[in-house]
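A.B. asks: Below is the structure I would like to discuss, written out as structure tokens.
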Amino acid sequence: MKTDEMPQQEHFAKERVLFELHAHTDRSDGFLETKELIEEAAKQKITTLAVTDHDTVRALEEAICISKDYGIDIIPGLELSISHGKYEIHLLGYYVNFNSEGLKHGLERQLEARNLRAEEIVKKVNEENGTKIDYQKLKSYNHSSFVSKHRIAQELVNLGYVKDLNSALPLVNGDSVNVPYENYSNLFFGLEDGLDFLLKHSRLVALAHPGKLKMNMNEQKRLIKELGSKGMFGLEVYSSKNTAEQIAEYRIIANELHLVETGGTDFHAKPREIKNWAYLCSRIPIKCLYNVQLFEP
Ligand SMILES: [Zn+2]
């Protein structure tokens, strides 16, 4: 059972307060430009929006500037990719110090790793499907900080190989075209240095969508415990990527380890997500917003 099918017993807000604590712009792998994302949030009556792009903070200044016209409160965030053995771990940082040169510098290698990985994925997609995506061309007109899988999917549509994104995404997300972070572990942050980096440059660090980790619950628990002992203070208990059973487990773990519960929809503005965005946000308990706002500087 996914989050959006869950019974609504956990909603305490008298008024419907819509917020999103996990969203991406086209500076990473979202489909909307920063301004479009904020316009869409305003349209769907979302009043607080954490912009949490993968490995880049390039959207944040613009987001904060534009959001004032829409009465939306922006939480500056970041989702950091970590290579940990065969695992790919995502850590969310909230209230990121996005003007820091040290932060920007530290993210450069991550972007290089993502681009090298993307080039390899393009090669695999071409081989597998007989397509002719030109990686260099794709990179050159890319508004994003790196060439994402979503952008490769969009290129399949643009070049007329498939009719829409829904048909393109499976072609870039399949196991046969996947390139593990592990291949670029020399460039990606590892578990300890990644956590240290994020702790240094943000106010609250939370493990993103643990349900997406390819680990069993015991292994997940061990990982969460390890991260918690080193300063991670939050857990994304509520995510559309976590099943209802997992959410119940994560609540117990968060309670045991004294972590705050966070939640977000991991919004990328895929066609299917846009339609349901407000609804998916309404499934995240309001306490998650308050928990994150506790860390506002
Ligand atoms: Zn995300």
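The values are calculated or read from the model by the stated rules, or taken from the named source; none is laboratory data. Computed from a predicted structure; not experimentally measured. For neighbour counting, all protein chains shown are included, and Cβ atoms are generated from backbone atoms with ideal geometry for every residue, glycine included.
A.B. asks: Taking the options GLU88, GLU79, name whichever one is in a strand (DSSP E or B), touching a residue at least 12 places away in the same chain (Cβ under 8 Å) and out of contact with any helix residue (DSSP H, G or I) (no Cβ under 9 Å at 6 or more places or on another chain).
C.D. replies: The match here is GLU79.
A.B. asks: Here is a follow-up. Keeping to segment 45-65, report how many residues are surrounded by 19 or more Cβ atoms within 10 Å (Cβ to Cβ) and either aromatic (Phe, Trp, Tyr) or more than 18 Å from LYS104 (Cα to Cα) (or both).
C.D. replies: 4
A.B. asks: Which one of these is among the charged types (D, E, K, R), surrounded by fewer than 17 Cβ atoms within 10 Å (Cβ to Cβ) and within 24 Å of PRO180 (Cβ to Cβ): LYS132, LYS149, LYS163, LYS139?
C.D. replies: After ruling out the rest, the residue left standing is LYS139.
A.B. asks: Let me ask something else about it. Out of everything in segment 32-74 that is more than 15 Å from the chain's Cα centre (by Cα) and part of a loop (DSSP other than H, G, I, E, B), what residue ends up being farthest from the ligand (Cβ to nearest atom)?
C.D. replies: GLY71
A.B. asks: Okay, next question. Exactly one condition in (1) touching a residue at least 24 places away in the same chain (Cβ under 8 Å); (2) in a helix (DSSP H, G or I); (3) over 27 Å from THR243 (Cβ atoms) is false for ASN166; which is it?
C.D. replies: With (1) touching a residue at least 24 places away in the same chain (Cβ under 8 Å); (2) in a helix (DSSP H, G or I); (3) over 27 Å from THR243 (Cβ atoms) applied to ASN166, the lone miss is (3).
A.B. asks: Could you give every pair whose Cβ atoms fall below 8 Å, whose first residue belongs to segment 255-267 and is touching a residue at least 12 places away in the same chain (Cβ under 8 Å), and whose second residue is of a type in the set (Ser, Thr, Tyr) and more than 16 Å from the ligand (Cβ to nearest atom), counting only separations of at least 6 or pairs across chains?
C.D. replies: Close Cβ pairs (under 8 Å, with a partner that is of a type in the set (Ser, Thr, Tyr) and more than 16 Å from the ligand (Cβ to nearest atom)) amount to GLU261/TYR250.
A.B. asks: Could you tell me whether any residue of segment 233-244 is more than 28 Å from ILE121 (Cβ to Cβ), at pLDDT below 95 and not hydrophobic (A, V, I, L, M, F, W, C)?
C.D. replies: No, because not a single residue in segment 233-244 is more than 28 Å from ILE121 (Cβ to Cβ), at pLDDT below 95 and not hydrophobic (A, V, I, L, M, F, W, C).
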